[in-house]
Amino acid sequence: MQSSNGRHRDGGGGSESSAGRPEDQGEYGTASPEVRYQDPWYDALASGWGELDGTGGPAPAVPGARTGREEAAVRARDVYLEVQRSAAFQEVRSRYRRFVVPGVAVFLTWYVGYVVTATTAPGLMARPVAGAVNVAMVAGLGQFLTTFLLTWAYARHARLRRDRAALELRWDTQELTRGARGVQGGAS
C-alpha cells in the first residue's frame, strides 16, 4: 500500500525499524523510499490539505457554509446587540460597576499600602503588638481577611442586586435567539 507521502507502509504485524535494517538505509543514514511504516496515524492527513484526488489533480475544496445559516447568525447577532443596548442590560452593568470599581480601588490601595509600608518602614512593621506577633503579621492576616470579606460582599451583592435581572436577560436573549433561528428555519 502506498501512503500519502509516497512511502510504502507495511500492513502486517510485527515491528520493523529502519535502524535495525541496514539495507533500508540511504545516503547519510537516512531511510530510503522503501522503508515501511506501521503507524496508522502516519497516513491520517486532514482532508483537502494538499491531497491529490486520484486523477492527479488537487482534491476539491470543502463546500462553503450555507447562506441560511449566515442569515440566522446575523439575526442572532442582532438579538445580542439589541439586548446589549437595552435599559435592563445597562442597569445590570451599572450595578456591577458601582460595586466592582470602588471595591477594586479600595483593595488595591490597601494591598499596595501594605507592600510599600513593608518595604519603606521595616521598623514600623517590626513593632510588636502582642508577644511575638508584630504589625506586619497583623497586616498580612488583614490582607487575607479583607480578601475573604470582599469575596463574600461581592457574592452577596451579585445575589441580591444582579443575579435575578441577569437571569431574566439571559432568558429573554435565549427566547429571542430561538425566535430568530425559528424564523430562518420556517423560511427554508
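The values are calculated or read from the model by the stated rules, or taken from the named source; none is laboratory data. The shown structure was predicted, so the numbers you read here are calculated from the model rather than taken from an experiment. Here the Cβ positions follow ideal geometry from the backbone for every residue, glycine too, while neighbour counts run over all protein chains shown. Side chains included, ligands, DNA and RNA excluded: accessible areas come from the protein's heavy atoms. Shrake-Rupley method; radii C 1.70, N 1.55, O 1.52, S 1.80 Å.
Under the condition of being open to solvent by 100 Å² or more (accessible area, probe 1.4 Å) and aliphatic (A, V, I, L, M), the residues counted in region 138-148 number 2. Scan region 149-163 for residues that are surrounded by 12 or more Cβ atoms within 10 Å (Cβ to Cβ) and among the basic types (Lys, Arg) and the total you get is 2. Beta carbons closer than 8 Å, at least 6 apart along the sequence or on distinct chains, pair a first residue in region 110-125 that is closer than 21 Å to Thr147 by Cα with a second that is open to solvent by less than 80 Å² (accessible area, probe 1.4 Å) and of a type in the set (Val, Ile, Thr) for Trp110/Thr146; Met125/Thr117; Met125/Val135.
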